[in-house]
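The values are calculated or read from the model by the stated rules, or taken from the named source; none is laboratory data. This structure is a prediction, so every number in the text was calculated from the model and none was measured. Cβ coordinates were reconstructed from backbone atoms using ideal geometry, including for glycine residues, and neighbour counts include every protein chain displayed. Ligands, DNA and RNA are excluded from the accessible area calculation, which covers all protein heavy atoms including side chains. Shrake-Rupley method; radii C 1.70, N 1.55, O 1.52, S 1.80 Å.
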Amino acid sequence: MTLEQTGRTAYGSRIARAERLSSPTSAATEFLEFYKHVASFQKLLHANVAAEHEVKPSGTPRAGLREELDFTVLLPHLRGYLSVIEQHAPPALAESARQMGLLSSDSWIASLEAYWQHAGRYDQQVGAFAQFLARAFLQPYAEFRAALMSRAPVVGTTRLCPLCASRPLLGVLRTEGDGGKRYLLCSFCIQEWEFRRIFCPTCGEEAEDKLPVYIAEETPQVRVEACDTCKFYLRTIDLTKDGHAVPLVDDLAAIPLTLWAHEQGYSRLQPNLLGT
Ligand SMILES: [Zn+2]
Ligand SMILES: [Zn+2]
């Protein structure tokens, strides 16, 4: 499969999953409906980035994943993107897309560059919602870049993404042998790496009795993997329970679990696209 086809399949299954999880009774339906528009735009941008690469191969990014952004590919899509957000986002976010549309292209470049350099590493203070515009726009570009990079085998337990040094967004359990093997999914470049099952990715706690797991009856494929030592939690999507789950999307739909974890005093290491 070419990178363009891989991207088309990945975005296609995210959109289909969002459709599947939307229902009149779900608290997340409004978000999922909005996400479908975002993912459709991302699918298109990914295809464009891939097509441009066919014409003008840039090779493996030498300076790593966060090498300079190619604005000749990106900027022509920004205005269209902002109008998608303006039309479909919740009011506050729609307004910030409208405001961004009024700025000069120099300001656009500055805000995209700031996100590109710091995302997933120093963004804890910024707030996820404030980051949304740059994050959703650049995600397909980061995914495409990541797919071009060669991977060295991961040695030991790496808490940050081996490709871009960002914090994990999610855990993913995949069937392997008799049980499930845990992977972490990067909050910036959306790639996965293997990770120990009983080990807190925030503080390194490995005592099983300090690492409680909570699962809600109605969403058995979504786990809250908490740590009583550092009080952070990792959201893990369990594909051994539901092979049709799509980690990025099942996570967005799990709003009630976010509220619950906060009530219990646990914080999330890295918020998702919608800041939950
Ligand atoms: Zn990464
Ligand atoms: Zn911990």
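Structure notes:
- Taking the criterion of being of a type outside the set (S, T, N, Q) and either under 20 Å from T258 (Cβ atoms) or open to solvent by less than 10 Å² (accessible area, probe 1.4 Å) (or both), the residues of the range 165-181 that qualify are R167, P168, L169, L170, G171, V172, L173.
- Complete set of residues in the range 162-211 that are within 17 Å of D238 (Cβ to Cβ), of a type in the set (G, A, S) and over 21 Å from the mean Cα position of the chain (by Cα): G177, G179, G180
- Strands (runs of 3 or more DSSP E) contained entirely in the range 145-250, each with at least 1 residues that are free of Cβ contacts under 8 Å to residues at least 24 places away in the same chain and either under 22 Å from R66 (Cβ atoms) or more than 16 Å from ligand 1 (Cβ to nearest atom) (or both): 168-176, 179-186, 192-194, 213-215
- Scanning the range 259-268 for residues that are open to solvent by 10 Å² or more (accessible area, probe 1.4 Å) and assigned to a helix (DSSP H, G or I) turns up L259, W260, H262, E263.
- Condition met for D70 (under 24 Å from Q191 (Cβ atoms), of a type in the set (D, E) and open to solvent by 20 Å² or more (accessible area, probe 1.4 Å)): yes
- For the range 99-115, filtered to residues that are in contact with a Ser or Thr (Cβ under 9 Å, 6 or more places away or on another chain) and farther than 14 Å from Q131 by Cβ, the residue that is surrounded by the most Cβ atoms within 10 Å (Cβ to Cβ) is G101.
- Some residue of the range 26-44 being in a helix (DSSP H, G or I), more than 19 Å from the chain's Cα centre (by Cα) and in contact (Cβ under 8 Å) with a residue 60 or more places away in the chain: no
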